[in-house]
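Step one of this worksheet: look at the structure below.
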Amino acid sequence: MGQTRGRLRLLITGVVALATAICVLATVAVQGVPAPAWWRIGLFCALLAVSRLARLRLRIRGQNVSFDWGEGALLIGLALLPAAWLILATPLCVLAASLLMRTPAVKTLYNSAAATLATAAAASLATAICDVPSTGLSWRLVGALGLAGLVFTAVADLTASAAIALSQAENFFRTLRVGVGIELFTGIGNVGAALCIVAVARFDPWLLATLPMLLVSLQIAYHSRLRGQQERQTWTRLETTTRSFTQLDPAAVAESAIEGILEMFQADRVEVRFRRPNGRQAMYRGGVAPGHRVAVDPKPERRLLRVPLGPAEDGLGTLTLHFCDAVALNRRERHALATLATALAVALANAERYEATRGFAEAKAREAATDALTGLGNRTRLREAGAERLSAAAVCGGGQAMLLIDIAHFKEVNDTLGHDAGDRLLIEVARRITDSVGSDELVVRLGSHEFVVLQGGPADPQETGVLAARLIASLDEPMILDGLHLSTPASIGVSVFPEDAQDIPELLRLADAALRRAKRTAERCVRYEVDHDHSDAERLVVVEQSRAAIRDGGFRLLYQPKIDLDTCQIRGVEALIRWQHPTRGLLSPDNFLPAIEQSPLVHEFTHHVIDMALRDTASWLHADSRRTLAVNLSARNLLDPNLPDDVRGLLIRRGVPPGQLVLEVTETAMLSDLETVDLVLGRLRASGVELSLDDFGTGYSSLAFLSRIPVDEMKIDRSFVSRMLTSKRDDVVVRGTISLARGLGLRVVAEGVETREEHDRLVRLGCQTAQGYYYSRPVPLADVKMLRIGHLAVPKFVARTG
């Protein structure tokens, strides 16, 4: 602000100083020039004074700007007076006219100086072209006067635009564009009229008696033209502004109105106050910040225009226009402003009603998609928000995991303690689930005691497993209701977009299939797999055929050796079941074990496998007491209280010491009915049988089980071993597992070793035992007995055995 004022003072000072210098030079010049006739000087002074008094007024922002027909007076003066006398007479006439109009002193001084500069420039150019006023009427004189008029117009417009731009802190070129059209219109008319007057005077001076009539006609024409132009612009801007009121946001409506009013009425600042339907007042402002401009009028009320929004008695609000100078609108402008204020009131009221209606509709939509008991989303929310998430995942090429959670024992709580207790239980379950997930996960309650978590971000098996572990651990914590400690363990079924299904209903169906499998087995969390989604009829066929295979000897065992990495000697074997199917050939466990594990046949099958393995390896185990035989147990085997007695009987039957049998169990197999699992494992351990924790690191509560279950061995899952050379994270897991096993006094076995580099890395990390294709594929026991492990012999054996 201070910088703008300084520039304005500098402009005024410069223009006045330059005009003063020109007047001094003109005073010197007139000394050698004969004085013109008094009537010539009087006529010019009268014309110039009248041109200043009969002005066309316009408002630019809050500044009143006027345009006169000084070009005409100048050109007539050039035909009447020498240039020096013309220059000296100009400031005196402008000062006299300004005093009559009561123009402020600073403005009077600046206007006089600016007029002097324009007159001096125009007169100098005309004098340089021809000797005016002595030259007779000719095309040269017409050209000189025409160019002089254009120069006068240009200098006057430049000085006026500079002063307005600095006083109003506006862009100079924008201000110049506003006035240049009017200046050109009036300037060209003035020059034409002046040339006609000069021609008439040279032909017959008495015809100058018609001069007043000509000037009045010019004034009426200018005023009519400018007024019509302004009215057209006003109504065009009014139409444009009101058309923008169709927006549905109150703030956007007010912003559009303010922008249009600033442009229509050249206001300095606009303020809209509107009373909302709830009684609170909204206020919107636009334009230049308060205090940015300097007020000229000492009475601030003369710089404000305030009109009501709609009928005044309704009290809807007010529309206030601020100007930095006193302003008065004409009748048509007042009508346009009132029309706009009424339209604005209607538009704001409609927008407010729409906002209220939309808010009500959104609240209803939220209510329809919310579970009333827990506050979570419901099935509608899952369908709508889930579809959006799947669409977004499809665009970016990612995935989404759905976790379907079922709470056990809920019906018993409802039946025993009542529905109120059941409701409180569900509220607590909802809280625990919400606390266990991140902000990106979508949690909904499907109904009764089923909940869904739609995992945020790309689906990653490990991250999904970690999330499921948190949920299971949180829900395993006892809940206290009416003084009772209740256990509500959860089962989880998982399906993944887009691998398993392409939409929410199908994902939900497949997750439900996985959940049913989790509830039928000892697993707490099951990932949907196509191979496991057999129909009941197909499972029955597999189970019956398996029963016949047990009876007829259709199952066979292959053995994969476990290698002592310090001595490169075979320290044990793992028995791996295969089925020599009569029509389908040799089948891997994935083709029949799921059906068997879900049936009552699982216990007979496990008894058969252990007996076959002990029968095959008995003599091999007797030859070296340090050798071991490993057999995998199913999850449901750990729920069989008779398993320890059955195993002990088989060991006695085959004459194998208990310490040479290793039973491998997975972490997920121990997540159901923990009391029974603890009892079974404890009795097995007490009988001397060794226990191995298989696939360590892929389960859910590894450290918790290591502290609770008395295992002798840990097996590092093949997924970590295969990636440890390329993934720093997996290498850390392998190294950490080996260190953990050492600290707990356990053996550690690395599974899935396939390359010499993986072997060397495990040796450097201090791993004790390993197994994998690098050493041998699963082979009959006879081939294991032939195997001689050595650093050079190993590749040949692998190639020979395929």
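Here the calculated FRET efficiency for His419 and Asp476, from their Cβ-Cβ distance with R0 = 30 Å, stands at 0.80, rounded to the nearest 0.05.
Please label the shape of segment 382-541 as rounded, prolate or oblate, based on the square roots a ≥ b ≥ c of the eigenvalues of the alpha-carbon gyration tensor (a/c under 1.5 means rounded; beyond that, a/b larger than b/c means prolate, else oblate). Since a/c reaches 1.5 but b/c is at least a/b, the shape of segment 382-541 is classed as oblate. Between Thr380 and Arg615, full extension at 0.36 nm per residue minus the direct alpha carbon distance yields a gain of 78.7 nm.
Each label was represented as a point 7 Å from its Cα along the Cα-to-Cβ direction; for Ser727 and His485 these points are 3.8 nm apart. Cross-link pairs exceeding 23 Å in C-alpha to C-alpha distance, out of Lys562/Lys785; Lys562/Lys728; Lys562/Lys715, comprise Lys562/Lys728.
Averaged over residues, the count of other Cβ atoms within 10 Å places the peptides 678-691, 598-611 in the sequence 598-611, 678-691, highest first. Label positions at Glu259 and Ile427, each projected 7 Å from the Cα along the C-beta direction, are separated by 5.0 nm. Residues whose amide H lies under 5 Å from that of Met714, counting only those 5 or more places away or on a different chain, are Leu693, Arg747, Val748, Val749; hydrogens are built 1.01 Å from N in the peptide plane. What separates the Cα centres of segment 430-505 and segment 539-565 is a distance of 36 Å. Calculated FRET efficiency, Ser739 to Leu373, Cβ-Cβ distance, R0 = 51 Å: about 0.60 to the nearest 0.05. Work out the charge dipole of segment 432-496 with +1 on the Cβ of Lys and Arg and -1 on the Cβ of Asp and Glu about the Cα centre, then indicate which of His485, Ile472, Val496 is farthest towards its positive end. Among His485, Ile472, Val496, the one farthest towards the positive end of the dipole of segment 432-496 is His485. Given segment 486-587, what percent of its DSSP beta bridges are antiparallel, to the nearest 5? Counting DSSP beta bridges with both partners in segment 486-587, the antiparallel share is about 80 percent.
Sorting 733-740, 777-784, 253-260 by their mean Cβ neighbour count within 10 Å, with the most densely packed peptide first, gives 253-260, 733-740, 777-784.
Under 5 Å between amide hydrogens, built in the peptide plane, is the criterion, and for Leu446 it picks out Phe451, Val452 among residues at least 5 positions away or on other chains.
Can you give the extra length, in nm with one decimal, that the chain gains between Gln502 and Tyr354 once fully stretched, where that is 0.36 nm per residue apart less the Cα-Cα distance?
Working: separation 148, 0.36 × 148 = 53.28 nm, distance 3.71 nm.
So the chain would gain 49.6 nm between Gln502 and Tyr354.
A straight chain from Ala387 to Arg648 at 0.36 nm per residue would run longer than the Cα-Cα distance by 88.5 nm. Computed with a 1.4 Å probe over protein heavy atoms only, the accessible area of Thr666 comes to about 40 Å².
With every protein chain in place and a 1.4 angstrom probe, the accessible-area ranking of Tyr773, Tyr284, largest first, reads Tyr773, Tyr284.
The values are calculated or read from the model by the stated rules, or taken from the named source; none is laboratory data. None of these values were measured; they are calculated from a predicted model. FYI the Cβ positions are ideal-geometry reconstructions off the backbone, even for glycines, and counts take in every protein chain you see. Note: accessible area is taken over every heavy atom of the protein model, side chains too, but ligands, DNA and RNA are not part of it. Shrake-Rupley method; radii C 1.70, N 1.55, O 1.52, S 1.80 Å.
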